[in-house]
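Novice: Supplied in structure tokens, the structure appears directly below.
The values are calculated or read from the model by the stated rules, or taken from the named source; none is laboratory data. The structure displayed is predicted, hence computed values, not measured ones. Here the Cβ positions follow ideal geometry from the backbone for every residue, glycine too, while neighbour counts run over all protein chains shown. Keep in mind that these areas ignore ligands, DNA and RNA; they rest on the heavy atoms of the full protein, side chains included. Shrake-Rupley method; radii C 1.70, N 1.55, O 1.52, S 1.80 Å.
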Amino acid sequence: MKKYAILTVNMDTIEELLTRGVANIIPGKEELRKKLESGEKLNIYLGIDPTATKIHLGHAVPLRKLQALAELGHNVNFLIGDFTALIGDTSDKDTERPVLTSEEIHENFQTYKRQAEKIIDFSKVKVVHNRDWLSKLSFEEIVKLCQHYSVGDFVGRELIRKRLQENKRVGLHELLYPVMQGYDSYFMDTDIQIGGTDQTFNMQAGRILQKDLRNKESFVLAMEFLIGTDGRKMSKSWGNAIWLEDGPEDMFGKIMAIEDSVIVEYFKLGTRVPMQKVYDVETRLNSGEHPMDIKKELAEEIVKEFHGEEAAKKAAENFKRTVQDKEIPDEIPVYNYKNFESLGSIKIIDLLEGSGFVESRSEAKRLVQDKGIKVNGRTIEKIAETIPAEDGLVVQIGKRRFFKVVSE
């Protein structure tokens, strides 16, 4: 008879695990509650494909849940999809993903892990790689795994159906992605899978194998998405992300730019404050307290978690000075431009692009069009505008970023 380690269970902790940031539980909340309250040590995992190198605050939502379960003493795995990344999950994409090399996957994970350590205590969470088991499957074994799934279910997914209707290519290899993720869950004998709601189909594949091959009921914990700074789902491709490695001032300013309507969601999903604090914030907003004051508390809380209390205080002071009081910061980056003054004048787009303080020439044009560039306090109105090449001129990008041009 199988013996289980018995864990001490805090009922309030269980309730928060089942509700905070949780969009859906399959097969059901009460069933999972019973499992968690049993004291049994469960096998739990969160998987990521290291296809990118940066983590934003939205990624922190499932990471926090994984850490919370690890702190309860469960057997928690952080799965690196170094084999599944060779295909790439297209759950939330309208095209195939580019194929990564093994070297790119390894390098991406090293960067990812460094950032994840801001939330995950890897002394309590085991890192595993699905290459260790997926690469060893024979073709016969893969065929047998595929027999548990239907092509109709796969092509019935909204984005896949849309691609087919638009005559876009859907690679045959993409059908294997849920099969591989399902085998991950089976191989680790998983009790709970954690992921975003866009991963529900793939996580269900794991439940199917656990049920078919072990007659075991496993669970899916689908997490909510955090809204980005522009009101849409936080995403790198939309430029609306708050990155875990953003500097304190930049992080603070981005949080201050969110819509007032998502302040409560940010306290719930983007911080570790107790839920009572979240409820208090909602009450304060409903009673008419100014959202700006509460948003400052939110920004300080998030910056404090990732950069420390002192950095959070300085970021708050910087925001007041540069945004609210419209002052130039005491210390700003310097762009050393050789023989700058000798130019006489320069196009603002050329200056922005050459400075390296914008990502691209197209971003520089967009900023000018949106009236987001000032030179010595004057708003630049036209993309083609030329400015005097004066030593020490100050360029402001948006509300919070500045740099000074110094002629070498």
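Novice: Through the Karplus equation 6.51 cos²θ - 1.76 cosθ + 1.60, θ set to phi - 60°, convert the phi angles of the stretch 216-224 into ³J(HN,Hα) values in whole Hz; use x for Gly and Pro.
Specialist: Karplus values, whole Hz, x for Gly and Pro: 10, 7, 10, 10, 10, 10, 8, 9, 6.
Novice: Give, in nm to one decimal, the length gained when the segment between ASN215 and THR53 is fully stretched (0.36 nm per residue of separation minus the Cα-Cα distance).
Specialist: 54.5 nm
Novice: Here are some pairs, LYS296/LYS382; LYS254/LYS371; LYS254/LYS277; LYS382/LYS404; LYS126/LYS296; which of them have Cα atoms lying more than 28 Å apart in this structure?
Specialist: Too far apart for the 28 Å limit: LYS296/LYS382; LYS126/LYS296.
Novice: When the convex hull of the Cα atoms of the stretch 181-332 is projected onto a plane and the area is averaged over all directions, what value comes out in nm²?
Specialist: 11.7 nm²
Novice: On to the next question. Taking θ = phi - 60°, what integer Hz values does the Karplus form 6.51 cos²θ - 1.76 cosθ + 1.60 yield along the stretch 333-350, in sequence order, with x for Gly and Pro?
Specialist: Using θ = phi - 60°, the values come out as x, 10, 9, 7, 10, 4, 6, 4, 4, 5, 5, x, 7, 8, 6, 4, 5, 5 Hz.
Novice: Also: Using 5 Å bins from zero, what percent of all Cα-Cα pairs in the stretch 136-226 falls into each bin?
Specialist: Using 5 Å bins, I get a P(r) of 3, 13, 23, 22, 19, 13, 6, 2, 0 for the stretch 136-226.
Novice: Let me ask another. Calculate the spin-label point distance for VAL334 paired with LYS126, positioning each point 7 Å from the Cα along the beta-carbon direction, and give it in nanometres.
Specialist: 5.4 nm
Novice: Output wanted: per-residue J couplings in Hz (rounded whole) for the stretch 163-169, from phi through Karplus 6.51 cos²θ - 1.76 cosθ + 1.60, θ = phi - 60°, x for Gly and Pro.
Specialist: Result, ordered by residue: 5, 5, 5, 8, 6, 8, 6 Hz.
Novice: How would TRP133, TRP238 rank on accessible area, largest to smallest, probe 1.4 Å?
Specialist: In descending accessible area the options line up as TRP238, TRP133.
Novice: Accessible area of the chain with a 1.4 Å probe: how many percent of it is carbon plus sulfur?
Specialist: Solvent-exposed carbon and sulfur of the chain make up 48 percent of the total.
Novice: How much accessible area per residue does the stretch 298-408 have, in Å², with a 1.4 Å probe?
Specialist: The answer is 56 Å² per residue.
Novice: Under a straight-distance cross-link criterion of Cα-Cα below 21 Å, which lysines are reachable from LYS211, leaving out those fewer than 8 residues away in the same chain?
Specialist: Cα-Cα hits under 21 Å: LYS2, LYS3, LYS29, LYS34, LYS35, LYS41, LYS144.
Novice: Sticking with this one: Could you point to the residue in ILE87, GLN147, VAL22 farthest towards the positive end of the chain's charge dipole, with +1 and -1 charges on the Cβ of Lys/Arg and Asp/Glu respectively?
Specialist: Projecting each Cα onto the dipole axis, the largest value belongs to GLN147.
Novice: Quick one: what Rg and Dmax do you get for the stretch 281-408 from the alpha carbons, in Å?
Specialist: 17.8, 60
Novice: Order these peptides, 33-45, 156-168, by their mean beta-carbon neighbour count within 10 angstrom, highest first.
Specialist: 33-45, 156-168
Novice: With the cut-off at 18 Å, tell me which of the pairs LYS54/LYS399; LYS295/LYS399; LYS347/LYS399; LYS65/LYS295; LYS320/LYS365 have Cα atoms farther apart than that.
Specialist: LYS54/LYS399; LYS347/LYS399; LYS65/LYS295; LYS320/LYS365
Novice: Would you please give the residues with an amide H less than 5 Å from that of ASN24, counting only those at least 5 places away or on a separate chain, with H modeled from the backbone geometry?
Specialist: ALA222
Novice: Here is a follow-up. So, taking all protein chains as they sit and a 1.4 Å probe, how much accessible area belongs to HIS129, in Å² rounded to tens?
Specialist: Counting only protein heavy atoms, the figure is 60 Å².
Novice: Let me cross-check LEU86: its accessible surface, 1.4 Å probe, with only protein heavy atoms counted, in Å² to the nearest 10?
Specialist: Using a 1.4 Å probe on the heavy atoms, I get roughly 60 Å².
Novice: Roughly how many nanometres apart are two label points built 7 Å out from the Cα toward the Cβ at GLU15 and LYS168?
Specialist: Modelled inter-label distance: 4.4 nm.
Novice: Magnitude of the Cβ-charge dipole of the stretch 136-256, K/R +1 and D/E -1, about the Cα centre, nearest 20 debye?
Specialist: Here the stretch 136-256 has a charge dipole of around 520 debye.
Novice: Which order do you get for ASP184, ASP293, ASP250 if you rank them by accessible area with a 1.4 Å probe, largest at the top?
Specialist: Descending order: ASP293, ASP250, ASP184.
Novice: To continue, here is another question. Treat every Asp and Glu Cβ in the chain as -1 and every Lys and Arg Cβ as +1, leave all other atoms uncharged, and give the resulting dipole magnitude about the Cα centre to the nearest 20 debye.
Specialist: Dipole about the Cα centre, nearest 20: 660 debye.
Novice: Going by accessible area, probe 1.4 Å, with all protein chains left in place, what is the ranking of HIS56, HIS148, largest first?
Specialist: Putting HIS56, HIS148 in descending order of accessible area: HIS148, HIS56.
Novice: Specify which residue in the list MET180, GLN193, VAL127 is farthest towards the positive end of the charge dipole of the chain, using unit charges on the beta carbon of Lys, Arg (+1) and Asp, Glu (-1), about the Cα centre.
Specialist: The Cα lying farthest towards the positive end belongs to MET180.
Novice: Which residue, ASN318, SER235, SER407, has the largest displacement toward the positive end of the dipole of the chain when charges sit on each Cβ (Lys, Arg +1; Asp, Glu -1)?
Specialist: SER235
Novice: What residues qualify as long-range amide H neighbours of ILE346, i.e. H under 5 Å apart, gap of 5 or more or another chain, H built at 1.01 Å from N?
Specialist: The list, which skips near neighbours in sequence, is ILE387, ALA389.
Novice: To the nearest 10 degrees, how steep is helix 275-286 against the longest Cα principal axis of the chain, on a 0 to 90 scale?
Specialist: So the inclination is approximately 50 degrees.
Novice: Going by amide H atoms built from the backbone, whose H comes under 5 Å of the H on PHE219, apart from near neighbours?
Specialist: Long-range HN contacts for PHE219: ILE192, GLN193.
Novice: Rounded to the nearest 10 Å², what accessible area does LYS124 have for a 1.4 Å probe in the complete protein model?
Specialist: 100 Å²
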